[in-house]
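The values are calculated or read from the model by the stated rules, or taken from the named source; none is laboratory data. Keep in mind that what you see is a predicted model, and the values were worked out from it rather than measured. Here the Cβ is made from the backbone with ideal geometry for all residues, glycine too, and neighbour counts use every protein chain on show. For accessibility, only protein heavy atoms count, side chains too; no ligands or nucleic acids. Shrake-Rupley method; radii C 1.70, N 1.55, O 1.52, S 1.80 Å.
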Amino acid sequence: MDKGFITQQITSEIELIAGRESEWLANQGSLSTLSGKAIPEDQQEQHRSNANYMGEVAAVLSSARVQLERILEQVNGADA
């Protein structure tokens with residue numbers, strides 16, 4: 001495989017992950033702003049738990065994105 005192909009694949013994955021990360025954070029934000037509003041009291045804890053889970057998933061996606069960015073830097077720096 002050539003460097004250009006590898007770079008393109010990694011860049012595509014970074015963009016995909018960044019998009020998913022944004023979606024999860026937006027969903028978490030939506031849930032967080034709804035907490036305590038129009039949600040039956042007996043469901044609020046589950047609601048908070050779901051919002052926390054979304055934040056955790058976004059953090060994992062962020063970590064994966066950062067790792068791929070580091071790999072991309074290494075691939076691009078291989079010729080330097």
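State yes or no: is I10 at pLDDT 85 or above, surrounded by 12 or more Cβ atoms within 10 Å (Cβ to Cβ) and in contact with a Lys or Arg (Cβ under 6 Å, 6 or more places away or on another chain)? Please lay out each step first, then the result.
Working: at pLDDT 85 or above: yes; surrounded by 12 or more Cβ atoms within 10 Å (Cβ to Cβ): yes; in contact with a Lys or Arg (Cβ under 6 Å, 6 or more places away or on another chain): no.
No, not satisfied.
Being at pLDDT below 85 and open to solvent by 80 Å² or more (accessible area, probe 1.4 Å) narrows it down to one residue among E41, E15, E56; which is it? Can you show your working first?
Details: E15 fails: at pLDDT below 85; E56 fails: at pLDDT below 85.
Just a single option satisfies the conditions, and that option is E41.
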